[in-house]
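Below you'll find the structure, written out as structure tokens, and then a few comments.
The values are calculated or read from the model by the stated rules, or taken from the named source; none is laboratory data. What you see is a predicted model, and the numbers here were worked out from it, not measured in a lab. So basically every Cβ, Gly included, is an ideal-geometry build from the backbone, and we count neighbours across all protein chains shown.
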């Protein structure tokens, strides 16, 4: 008779050992470099499918965020085999509204590891592989900025062998805030196209956010440089920078433990 | 009001330009190196979830297949930007039975591009990223085997910085057959874990296979070497080689255009 | 007492097993996609150090060449572990003159494997790592061009996460010629900077070329697209395309077995 | 007439912009994880070519070191394009003697960027490309160890799709020492094989070390796990672990500015 299989996601086996993802909760430590800017509100609205509507306040606000992460499951075994725990990602967040509540929403994201990509399928992040880099601070500053006012950090995204975005920021002063665009729970669609090619087999709007977060050093930053580039395989440059709002740098620890269904396609 | 979004899969936008996948049909040209062997039938049975049962005939048969592909959508634009069309994969196929019909089923697979990984989510392949290599034939044989009897080919798989499998085969003679384990339509589960972590939001058994295939040069091959290695993140070595059945090398063109639902979890 | 070490190049050990390179001869099979164009002759001349002078004939001619190689040493063991034998490269060739003889000279080159990079140090190629792609032909044309008139091939170069060049060509007709810019023996400088930072410890102009070559299918090609892009880390775009000369596609096998010293810095 | 070319190493151009390396001094910030052990003294001696002899004291001592670096040249521009400044490396250090002085010597090293590989040619490090990982500490410990007693760190090396070494250490207490094997100036051979394949065109023993170093947090560590693996392309496992000496973790900043010639082959 058939087996009860373990494994949170692909592949599933009797033991679950080879599953690319452990079951949540998932644990993260990392650094975030955020640049917020305003684009054309209609360009943001064009990325919001049913049943979402644009945020009422500042509907053209965008956050472009780089993250340098180390993550693991509950048994933390990935931490001692760091090829399985370290990854970088860069993502574009806008805001939207559903039933009167404002949500953050990731509209584009690039990561550099398979486990991060598969997590995205679960969480509704539209993940692609990319090459993501951001400057690291270090206590010894021969080859690194200090994590302190005046420290300069660069950040870049490439995918399909093309640079997509780059930014340079200079830390200004300690801050309580890390920006406002990515400050709400996420509202993401989980889609699974129908196997016969006609529409979707699954359409679900979910709400998700960290179960808990520990906030570390946080700084405002001057945005010295911000550029988005065209690619025939991307649409990031269709969210052009009309006005830079500001920059932030934050160290953070996060525990993610699932979310809730907000809506299913009728 | 909300937008009708295009894009077969993530991300979805008004134009669909940045979707990682074009809508099917998908077109493939490539070379396949196959090694078939017998393992313990119960090790295969342990990988078959509800509602599948083991194949009646030769239930311990396994095919370990390497593929060097170039692929594209209907407008073929990936072919002229080959970072977006070339990929390699290696996968493990067993056979199973559903409602009296025998199916092939991929139980493990490693690919080296994101578009191949996301296709897997659609098709129910349990894809991870890996580093896959197989020797290429070339008309000039200074640094390559001929695609002819006597040609020797090596093939390797690695993931998470560990070698998982390797094989060496020597082409013997032209063949009509490319083996029997991967010769049926595929029966794959499409799972999407529930966002609240309790069970699955979607469980579907699908049937899929090429809409058409063009068969090129095909050879039987002696299997000179076949080794599977342990990894703490994999279970390939839990399908140990008890008896080598044979080897094959084939050039093939394939059109894939979706499949059909066989079963949904009640 | 000290050991006599084996190993053609780094590292050297008693057995030589771990040397990144076997001793020559080296054996190659592969496909070459060539685009020839004219740039400003003074831009070429600016890349020719002592004792070289510009070629008398057509001194602004440039060949931009993509190559998809499989290579090995005399015992051919790399061929059965293809991660150690397959690589791609793209390089820029100009012509120059030394003591009345015309030579080809590679002024920029990107490769994607370490063994190819170290070979470059030996042969005087100025190698960097890059991401190089070129369309592959296949007998089954579902996802590939035929190696025949009308077949379209794309080719791209990226380094440091930026696209540097791209080309698209369409095969026109069989050809005896593969172009003229890369048709001479190579004249390369082998430099080793002095360890105290003052000048060079070694400066040698060497002559090198294949010990033998087997020529396969060769086609002229129309150059449908050719673009060079800026990068802060490169100077390829300082050889701008003033006039496209033509395109070529060739399959080739090569044996390389060293060269000869032409000149040493007095 | 010929041009005076700039560029510290390949490629050289009039501006020097595209040189893979800026001229020294080079600036580094990073973390080092060191495991020291004893192997068979004759295995170390076998790696010491003329004119080196084994160290008199503890001649079988080996340091296996992982480093997670950020580096740049004098204008620091690599720091703002971090794909050009961040790299990881792992290397094996032994000790040797020349004219009565004890030196450290790197006998194997793997790096993951081209600029690091070319630096190695200049400095006499026998560099190959590899995949190197080491756990990172973070102030927020959800997904990271603290840089403090009790913090556990894993470190791995792979090359050619095979794992070569792995270690796990637990920080014990603050330390002034980072071990003794890598504590001397380096004595490295700079070899350039002759282009005609007969011997070497250049053989030089050089002495090199940091011009200055800033020492940060340093800890002794218990070595919980240390394993070396075979590979047909490596000889690391020919330095088997007979006795673990100890482990260390250190944050450091370094300025490197060349070295001096100790000896040339007569």
Filtering the stretch A:219-240 down to residues that are crowded, with 17+ Cβ neighbours inside 10 Å and more than 9 Å from every other protein chain (Cβ to nearest Cβ) yields A:219, A:220, A:221, A:223, A:226, A:228, A:239
Conditions first: (1) in a strand (DSSP E or B); (2) facing chain D (nearest Cβ under 10 Å); (3) within 30 Å of residue B:170 (Cβ to Cβ). Residue C:71 passes all but one, so which condition is the exception? (2)
Name the residue that is surrounded by the most Cβ atoms within 10 Å (Cβ to Cβ), counting only residues in the stretch B:89-106 that are closer than 23 Å to residue A:202 by Cβ and more than 10 Å from chain A (Cβ to nearest Cβ). B:105
From the list D:20, D:64, D:48, D:52, exactly one residue is in contact with a strand residue (DSSP E or B) (Cβ under 6 Å, 6 or more places away or on another chain) and over 28 Å from residue C:200 (Cβ atoms). Which is it? D:64
Picking from A:258, A:246, A:253, the residue that is at pLDDT 95 or above, in contact with a helix residue (DSSP H, G or I) (Cβ under 6 Å, 6 or more places away or on another chain), crowded, with 17+ Cβ neighbours inside 10 Å and assigned to a strand (DSSP E or B) would be A:253
Looking for something within 14 Å of chain C (Cβ to nearest Cβ) and closer than 30 Å to residue C:250 by Cβ - is there at least one such residue anywhere in the stretch B:178-200? no
Among B:121, B:65, B:109, which is the only one that is outside any loop (DSSP other than H, G, I, E, B), within 13 Å of chain A (Cβ to nearest Cβ) and closer than 29 Å to residue B:137 by Cβ? B:109
From (1) modelled with pLDDT of 95 or more; (2) over 30 Å from residue A:257 (Cβ atoms), pick out the condition that doesn't hold for residue B:209. (1)
Every residue from the stretch B:44-58 that is more than 21 Å from residue A:15 (Cα to Cα) and either assigned to a strand (DSSP E or B) or within 14 Å of chain A (Cβ to nearest Cβ) (or both): B:55
How about the stretch A:9-38: which of its residues are free of Cβ contacts under 8 Å to residues at least 40 places away in the same chain and part of a loop (DSSP other than H, G, I, E, B)? A:11, A:12, A:14, A:15, A:16, A:17, A:18, A:19
Just to be sure, is residue D:213 closer than 18 Å to residue D:91 by Cβ, in a strand (DSSP E or B) and either more than 10 Å from chain C (Cβ to nearest Cβ) or without any contact (Cβ under 8 Å) to a residue 24 or more places away in the chain (or both)? yes
Please state which of the following conditions residue A:240 fails to meet, knowing it meets all the rest: (1) touching a helix residue (DSSP H, G or I) at 6+ places or on another chain (Cβ under 9 Å); (2) in a strand (DSSP E or B). (2)
When you scan the stretch B:133-146, do you find a residue that is within 22 Å of residue B:258 (Cβ to Cβ) and part of a loop (DSSP other than H, G, I, E, B), even just one? no
Report yes if residue B:111 is crowded, with 24+ Cβ neighbours inside 10 Å and over 29 Å from residue B:57 (Cβ atoms), otherwise no. yes
Can you find, within the stretch D:74-89, the residue that is farthest from residue A:134 (Cα to Cα) among those that are out of contact with any helix residue (DSSP H, G or I) (no Cβ under 7 Å at 6 or more places or on another chain) and assigned to a helix (DSSP H, G or I)? D:77
Filter pass, residue C:168 being in contact (Cβ under 8 Å) with a residue 24 or more places away in the chain and under 20 Å from residue D:204 (Cβ atoms): no
Positions within the stretch D:216-237 being part of a strand (DSSP E or B) and over 30 Å from residue D:8 (Cβ atoms), in sequence order: D:217, D:218, D:219, D:220, D:221, D:222, D:223, D:224, D:225, D:226, D:227, D:228
Quick one: which residue in B:120, B:143, B:151, B:179 is surrounded by fewer than 24 Cβ atoms within 10 Å (Cβ to Cβ), at pLDDT 95 or above and over 23 Å from residue B:238 (Cβ atoms)? B:151
The residue from A:4, A:41 that alone is facing chain B (nearest Cβ under 10 Å) and free of Cβ contacts under 8 Å to residues at least 40 places away in the same chain is A:4
Looking at C:150, C:143, C:130, which is the one that is touching a strand residue (DSSP E or B) at 6+ places or on another chain (Cβ under 6 Å), within 14 Å of chain B (Cβ to nearest Cβ) and within 30 Å of residue B:25 (Cβ to Cβ)? C:143
